[in-house]
1. Would you check if residue 72 is free of Cβ contacts under 8 Å to residues at least 12 places away in the same chain, loosely packed, with under 10 Cβ neighbours inside 10 Å and either more than 16 Å from the chain's Cα centre (by Cα) or closer than 25 Å to residue 125 by Cα (or both)?
2. I'd like to check something: does the range 104-114 contain any residue that is closer than 18 Å to residue 28 by Cα and either modelled with pLDDT under 80 or surrounded by fewer than 12 Cβ atoms within 10 Å (Cβ to Cβ) (or both)?
3. Please pick out the residue among 50, 55 that is part of a helix (DSSP H, G or I), within 21 Å of the chain's Cα centre (by Cα), at pLDDT 75 or above and at negative phi.
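The values are calculated or read from the model by the stated rules, or taken from the named source; none is laboratory data. On a predicted model such as this, the values are computed, not experimentally measured, just so you know. Cβ sites come from the backbone with ideal geometry, for glycine too, and all protein chains shown count toward neighbours.
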């Protein structure tokens, strides 16, 4: 399955057909499913596809490392802001429906801390909006 967030099944690219991964869609959207045999057939028909998927996989590994590092060193506020920006980028829309509980799970924090961080971010956004209006 390939969506904005990630591709599931990358182990197939490296010859591991026994790797089973649970998948959960957090945000409404579209995904595509391809059976393992069809995936290998497609790789044979489209020689450039393997290279594109390898580059995607390399970037995901780098991004996961950066996220792990920032998740350990940053505050709950910074992590919530980072995840908020990442989700907005993937969804392609400024509003999304994600619960405080889900955000807390993503940033490895308690729900009340996430609620406070969202409140601080909302207040900062209002302040930025007011400045933008005043600058016109």
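1. Details: free of Cβ contacts under 8 Å to residues at least 12 places away in the same chain: yes; loosely packed, with under 10 Cβ neighbours inside 10 Å: yes; either more than 16 Å from the chain's Cα centre (by Cα) or closer than 25 Å to residue 125 by Cα (or both): yes.
It is true that residue 72 is free of Cβ contacts under 8 Å to residues at least 12 places away in the same chain, loosely packed, with under 10 Cβ neighbours inside 10 Å and either more than 16 Å from the chain's Cα centre (by Cα) or closer than 25 Å to residue 125 by Cα (or both).
2. So far as the range 104-114 goes, no, none of its residues is closer than 18 Å to residue 28 by Cα and either modelled with pLDDT under 80 or surrounded by fewer than 12 Cβ atoms within 10 Å (Cβ to Cβ) (or both).
3. Result of the check over 50, 55: 55.
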